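A quick write-up on the structure given underneath.
Computed from the coordinates by the stated procedures, all read-outs in this text should not be read as laboratory data. Because the structure is predicted, anything quoted here is derived from the model rather than measured. Cβ placement follows ideal geometry from the backbone for every residue including glycine, while neighbour counts extend to all protein chains displayed.
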Amino acid sequence: MASEAEPPISTTIPSDPTPSAPTPSSEPSKLPRTPANRPLLRRLRVYLLRYLTHLARRTDYNLLRLSKLLSSPTSTDALLCTISYTLELVHAVLERLLERRLTDIATTIAEKAEYVLLPGETLIATLPALTSTKILAQTVGSSRALAAIIGDFRIFVRLWGLVGIYAWARETWHSPLGKEAGRKEKLVRKVVWGQIVSCALFQVLENGAYLANKGVLTTASWSGEMGKARETKWWIWSSRFWAAHVVLELARLSILHCYRNASSGAKDEKEKEVLGDGEKEEKLLREENKKDDWLWWRDLVSNIAYMPMTLHWSVDEDRTFLPDWSVGLLGAVAGGSLLADAWRATA
């Protein structure tokens with residue numbers, strides 16, 4: 001029996017001349033998008049790199065200036081002086097703040113315990129200190145200790161200060177004033193010799209007191225109560241000769257100021273002559289005058305700040321008149337004026 005032939009299955013899709021409309025997709029298009037904040041991040045990255053580069057250059061520059069500053073004993077002493085007295089100021093201020101805080105705590109406890117204690121009873125309590133109080137107490141102790149170390153070091157490196165004073169005296173002796181020297185030069189020279197003598201006596205007395213304090217001088221005159229009294233006396237007299245040096249330095253600055261005002265007319269004439277010679281000479285003259293003014297003000301500020309300190313240490317301990325914070329403030333001003341000039345010279 002012949003089977004009927006089935007029609008073949010076609011897998012070909014008949015073409016439609018009319019294109020069908022695309023079916024709308026329910027999912028949004030997934031095309032790549034550029035984040036809107038990418039330009040902002042790029043700019044921030046550029047700014048950060050520029051800042052870090054600038055910071056690195058400034059750090060390198062300042063470290064080189066600091067190295068130059070520390071290469072000179074004079075500028076190093078100015079830096080240590082400023083740091084030491086600033087630490088003393090910080091110690092005095094924070095110590096007063098700590099005492100006030102502890103007093104408030106004790107007062108609060110006493111007021112609360114007043115109503116529960118019977119007459120004659122005493123309350124002894126141990127309370128855990130707050131973290132801020134602990135940090136404050138540690139800072140007070142550390143600042144005082146570091147200031148003492150710096151102060152001791154500064155006195156130690158002055159042990160050979162007599163050598164520099166001798167060189168100062170020798171240079172002054174071998175630089176006599178000429179016949180054309182005026183009254184100003186003669187007055188300044190007399191003041192300088194007075195300063196040399198006062199500095200030499202100050203250095204001898206300070207060296208003796210310091211070595212006795214460290215137990216280096218152990219003879220009979222430096223031992224026991226008599227030795228302690230002698231050491232104290234030498235400290236006081238060294239401060240008095242230091243005060244004499246400061247007074248003489250203020251006198252020298254006064255002489256320079258008075259004669260500078262008196263010769264202001266001659267200076268103007270000199271500037272007019274220089275103006276006729278050229279612009280370069282005028283600039284050099286003005287820079288020289290500016291430098292002289294800067295040094296005059298530097299020495300004036302420093303010695304005015306030192307003056308009450310030297311008088312404070314020139315009397316017995318029970319007669320001193322400056323509080324600790326005043327000593328720290330005045331010392332920071334005196335050292336800071338010298339440090340500003342030393343730092344300026346390293347540029």
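Couple of notes before you dig in:
- Region 127-232: C-alpha gyration tensor shape, a/c 1.5 cut-off, then a/b vs b/c: oblate
- The string of couplings for region 209-214 from the Karplus curve (6.51, -1.76, 1.60, θ = phi - 60°) is 5, 5, 5, 5, 5, 8 Hz, one whole number per residue in order, with x for Gly and Pro.
- 25 Å Cα-Cα threshold exceeded, pairs from LYS190/LYS280; LYS68/LYS186; LYS68/LYS190; LYS68/LYS290: LYS190/LYS280; LYS68/LYS186; LYS68/LYS190
- Sequence-ordered 3J(HN,Hα) estimates for region 195-208 from the Karplus curve with 6.51, -1.76 and 1.60 and θ = phi - 60° stand at 5, 4, 5, 5, 5, 5, 5, 4, 5, 4, 5, 5, 4, x Hz, glycine and proline given as x.
- With a cut-off of 14 Å between beta carbons, the residues surrounding SER198 carry a summed charge of +1, where Lys and Arg count +1 and Asp and Glu -1.
- In order along region 242-254, phi translates into HN-Hα couplings of 5, 4, 4, 4, 5, 4, 5, 5, 5, 5, 4, 5, 5 Hz, rounded to whole numbers, per the Karplus curve 6.51 cos²θ - 1.76 cosθ + 1.60 with θ = phi - 60° and x for Gly and Pro.
- Taking the charge dipole of region 81-200 about its Cα centre, with +1 at Lys and Arg Cβ atoms and -1 at Asp and Glu Cβ atoms, the residue from VAL90, SER198, THR139 reaching farthest to the positive side is SER198.
- Radius of gyration, Dmax [region 55-156; alpha carbons; angstrom]: 22.1, 71
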